[in-house]
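Note sheet for the following structure.
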Amino acid sequence: MTETNPTILIVGDCAVDARIISEALLRSDEKYELIVANDGLEAIDYLSKRGKYLGHAPHNLRAIILDMNLPGRSGIEVLASTAARKGSELSLGMNPR
């Protein structure tokens with residue numbers, strides 16, 4: 001079985017913030033698969049394997065970097081969706097802006 005790189009989900013509506021975070025993670029010694037969701041609905045779709053993420057299971061999801069003030073669904077709603085995933089043990093970083 002092939003081991004996949006850990007996945008980090010970056011959720012935020014500011015493209016500049018997402019780019020800065022992505023670039024920093026890509027420069028690290030660790031190799032990550034980065035998924036960027038532009039709003040809360042897209043993040044929930046990713047976590048629930050719906051919409052454009054249908055058939056794309058969140059493989060090896062290790063962390064979520066989450067803006068709390070999001071269009072569509074709030075960061076709190078994304079957290080609730082994450083908590084509903086059975087067997088998930090994730091690291092979480094939040095931006096309260």
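The values are calculated or read from the model by the stated rules, or taken from the named source; none is laboratory data. Remember, predicted model here, so these are calculated numbers, not experimental data. Please note: Cβ atoms are built from the backbone with ideal geometry, for glycine as well, and neighbour counts cover all protein chains shown.
General observations
- Near pairs, Cβ below 6 angstrom, 6+ apart or cross-chain, from the stretch 65-94 (under 17 Å from GLU42 (Cα atoms)) to any residue that is at pLDDT below 85 and of a type in the set (Gly, Ala, Ser): ILE65/GLY93
- Of the numbered criteria (1) surrounded by 12 or more Cβ atoms within 10 Å (Cβ to Cβ); (2) touching a residue at least 12 places away in the same chain (Cβ under 8 Å), the one HIS59 fails is (1).
- Of residues in the stretch 75-94 being crowded, with 16+ Cβ neighbours inside 10 Å and at pLDDT 85 or above, the one nearest to THR4 (Cα to Cα): VAL78
- Residues of the stretch 37-56 satisfying the condition of being of a type in the set (Ser, Thr, Tyr), surrounded by fewer than 19 Cβ atoms within 10 Å (Cβ to Cβ) and under 20 Å from ASN5 (Cβ atoms): TYR53
- Some residue of the stretch 22-36 being surrounded by 12 or more Cβ atoms within 10 Å (Cβ to Cβ), assigned to a loop (DSSP other than H, G, I, E, B) and of a type in the set (D, E, K, R): no
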